[in-house]
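Computed from the coordinates by the stated procedures, all read-outs in this text should not be read as laboratory data. Nothing here was measured: the structure is a model prediction, and the numbers come from that model. FYI the Cβ positions are ideal-geometry reconstructions off the backbone, even for glycines, and counts take in every protein chain you see.
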């Protein structure tokens, strides 16, 4: 790490999707590190982080000025990170001024979060605040009663019910609905609290009453989903890198937990319906 006056630079944070974030290029500059080394540290972290934590780092392409005179700007790979991501990244960085630098960044995160979460108009439009997320976690823990299966069932049902990729993307306006939903989720059938008609559940079916026509339609649905799954994954990654609000819709098409593909395949197989080819 190079030696510099910590007052010469100011930590740069910005709000993306209602989360205060920092860009790896800004972090590298402030700490006096080569950016490729910061990217290396992040990617080493990602190799060991559980999937539930990986969302704290989002890869993106950023434009930077070239070191060569009169050369055009160039695009490089960078990472946008949340406060938790930043903390994980710099945790092992040491040096004479490292602690002071870390504190300056955390102060900046705190300042921006105070501005963000104390804006009444924004709170009406955006996703759950950290305090609300904590209440959701507490309610889920109380209902799950330390059973891993119950945790998975409740969180999966929450994502299905509110059509989000992660529970923390639930709109603030739906916070009370989410708390009530947690209390009535059938832990044996995750979607039992959802209205079969209009609650936003991705898909509903009753295997006991499917007609021949419905079975053919479901077989074609599974065929097309499997055919398009690689494309959906590419589209989702692109939308996620752009922080698009459309990303969760494509996530639901590729995430088994948000779409009952395995259950549908079992139903079709029991009815001797081939879903590996289109059916007319």
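Highest mean first, the peptides 166-179, 211-224 sorted by other C-beta atoms within 10 Å per residue fall in the order 166-179, 211-224.
Short-range pairs are left out: with C-alpha atoms under 8 Å and at least six residues apart, the relative contact order of segment 14-124 is 29 percent.
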